[in-house]
């Protein structure tokens with residue numbers, strides 16, 4: 001079986017681990033969000049791709065959900081001793097090496113998709129990991145604070161400000177000109193089913209859907225999504241701040257309507273959200289909390305079973 | 001008093017610490033060798049400038065003589081885990097931050113002299129540290145080994161091969177087009193005396209002297225050098241391998257003849273080399289071993305006193 005999954009960071013990566021466990025023989029292609037990517041200290045950082053790679057490759061900091069296990073922060077402390085900004089982004093020493101290699105390969109002319117493949121040669125995540133695009137398309141957020149109204153990089157809003165300042169607009173700068181990375185459309189076309197994990201519907205899944213060509217390709221397939229919202233609150237993260245910014249209610253119904261019936265064929269929600277509905281979409285209630293490897297595998301298996309049933 | 005000193009790495013940096021101690025009120029400008037500079041993992045590394053900066057700024061690994069105190073090697077181990085070459089160059093985590101900043105500033109268009117000044121803002125070495133040139137002039141070494149006759153970067157010959165393969169030629173690639181960094185010629189012109197520490201006469205001092213304009217400027221000044229050779233052997237390092245490559249005998253006399261009387265006014269040698277001589281150069285014998293801070297200060301004071309006497 002051929003499965004395509006879109007993915008953001010922590011939630012998506014954990015779900016994928018469940019999917020790998022639930023479908024051991026399947027050929028899984030993951031289309032990763034690169035809208036969060038940022039250049040820090042001259043190094044290109046791809047937080048979501050790395051979270052997927054480290055999580056599936058056994059290198060993740062399990063408690064934190066991002067970054068490397070047994071991480072140290074010597075380089076970061078030294079950069080701070082030199083007075084280098086920004087100091088709010090937690091680049092660890094182990095993680096640093098990944099960004100150094102990526103930056104060097106990009107400078108040598110390799111596209112991000114080939115860089116990602118080279119990095120995965122070490123991590124062997126068990127999936128084919130593709131960036132949504134080799135082109136630069138970065139999420140920026142319009143805010144108003146003491147410095148006035150301005151657009152900041154998504155990471156500055158998310159990590160430095162902890163989304164405490166309301167997002168007035170969320171923009172994917174460069175989206176119009178971006179093309180899907182090589183293999184993305186081909187993988188979607190060849191897929192038996194497509195799964196949307198409970199990643200952020202605005203700045204993870206929503207970002208990937210903005211790359212021209214990806215949404216139409218997905219609409220032609222059987223797609224099952226897993227709600228990132230349970231009873232009006234995000235399962236994890238700050239998806240509510242993102243949904244509010246685009247005028248969508250933080251609810252399983254709100255995200256279902258956002259994705260729409262042209263994209264979705266099935267929608268997994270928590271028991272307490274069982275009443276949500278949309279014409280043309282099969283809604284099923286399941287335990288959504290990925291509280292253990294077993295619970296995560298059960299959830300992924302349920303999403304997959306529903307997708308197979310609907311295909 | 002205004003003093004100019006040329007400097008390579010470990011030996012030069014230690015001598016400079018003695019000079020700072022011997023002449024506390026003096027205004028010292030150090031012209032550092034950048035022929036050893038190398039780009040590793042996309043990062044620009046300036047080993048000699050950093051050795052001077054760390055040594056005078058209190059950040060050096062004292063036992064080793066290069067690199068940072070309390071250093072760790074997490075990034076290097078991670079790069080190796082990815083299979084990245086070269087693995088023979090010991091880039092520590094603390095040191096890494098320096099190179100990241102330098103690389104970022106160079107990419108932003110700052111010349112190396114301004115980058116060095118910015119890095120010294122943290123280290124406050126007590127001297128004005130200038131690179132010999134803002135232009136790229138890199139030392140390469142022609143060798144013949146199992147891979148045939150070829151030119152390798154100086155660091156590959158020095159660090160990876162430990163100078164175990166004979167150097168057939170030593171070339172400063174880019175020397176003809178290189179200009180002295182801003183401030184270099186002005187500092188020499190304004191200097192009361194110039195001191196050549198016991199740095200490598202070929203690939204440190206000799207490299208600096210190859211930058212067009214520097215040697216003639218020095219020849220107009222009172223210059224005292226300290227022999228890096230005692231009784232036929234280098235005080236430290238592998239200067240003999242470099243001297244042999246350019247057909248110069250490894251002796252205090254050989255280096256004296258190499259520098260020549262147009263450049264030198266005074267030459268400090270060890271007691272056992274007291275018989276060396278060159279018309280027009282005052283030779284004086286002193287203890288040359290920098291075996292303690294006091295011995296180093298004494299040596300620097302002797303060089304300075306001779307220079308003042310001759311000026």
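Identify all residues within segment A:188-206 that are outside any loop (DSSP other than H, G, I, E, B) and in contact with a helix residue (DSSP H, G or I) (Cβ under 9 Å, 6 or more places away or on another chain); write none if there are none. Quick ask: steps written out before the conclusion?
Just the residues of segment A:188-206 that are outside any loop (DSSP other than H, G, I, E, B), to begin with: A:188-190, A:193-196, A:205-206.
Those that are outside any loop (DSSP other than H, G, I, E, B) and in contact with a helix residue (DSSP H, G or I) (Cβ under 9 Å, 6 or more places away or on another chain): A:188, A:189, A:193, A:194, A:195, A:196, A:205, A:206.
When you scan segment A:62-70, do you find a residue that is over 22 Å from the mean Cα position of the chain (by Cα), modelled with pLDDT of 95 or more and more than 30 Å from residue A:24 (Cβ to Cβ), even just one? Don't jump to the end; show me each part of the working.
Restricting attention to segment A:62-70, the residues satisfying the condition of being over 22 Å from the mean Cα position of the chain (by Cα) are A:70.
With the extra rule that they be modelled with pLDDT of 95 or more, the set shrinks to A:70.
Now drop any that are not more than 30 Å from residue A:24 (Cβ to Cβ), which leaves none.
The answer is no, given that none of the residues of segment A:62-70 is over 22 Å from the mean Cα position of the chain (by Cα), modelled with pLDDT of 95 or more and more than 30 Å from residue A:24 (Cβ to Cβ).
Within segment B:41-65, which residues are closer than 25 Å to residue A:101 by Cβ, part of a loop (DSSP other than H, G, I, E, B) and away from chain A (no Cβ under 14 Å)?
Within segment B:41-65, just B:46 meets the criteria.
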Test: residue in segment B:149-166 that is surrounded by 15 or more Cβ atoms within 10 Å (Cβ to Cβ), within 14 Å of chain A (Cβ to nearest Cβ) and closer than 22 Å to residue B:207 by Cα: no
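Does residue A:31 fit the bill of being in contact (Cβ under 8 Å) with a residue 40 or more places away in the chain and not assigned by TED's automatic domain parsing to the domain that holds residue A:157?
Working: in contact (Cβ under 8 Å) with a residue 40 or more places away in the chain: yes; not assigned by TED's automatic domain parsing to the domain that holds residue A:157: yes.
So residue A:31 passes the test.
Considering only residues that are more than 7 Å from chain B (Cβ to nearest Cβ) and under 23 Å from residue A:58 (Cα atoms), look in segment A:74-108 and name the one that is surrounded by the most Cβ atoms within 10 Å (Cβ to Cβ). Break it down into steps so the answer makes sense when it comes.
Narrowing segment A:74-108 to residues more than 7 Å from chain B (Cβ to nearest Cβ): A:76-77, A:80, A:83, A:85-92, A:95, A:98-99, A:102, A:105-106, A:108.
The next check asks that each one be under 23 Å from residue A:58 (Cα atoms); those that pass are A:89-92, A:95, A:98-99, A:102.
Details: A:89: 16, A:90: 13, A:91: 21, A:92: 23, A:95: 26, A:98: 28, A:99: 20, A:102: 24.
Checked segment A:74-108; the qualifying residue surrounded by the most Cβ atoms within 10 Å (Cβ to Cβ) is A:98.
The values are calculated or read from the model by the stated rules, or taken from the named source; none is laboratory data. All of these numbers come straight from a predicted model, not from anything done at the bench. Cβ: placed from backbone, ideal geometry, glycine included. Neighbour counts: every protein chain shown.
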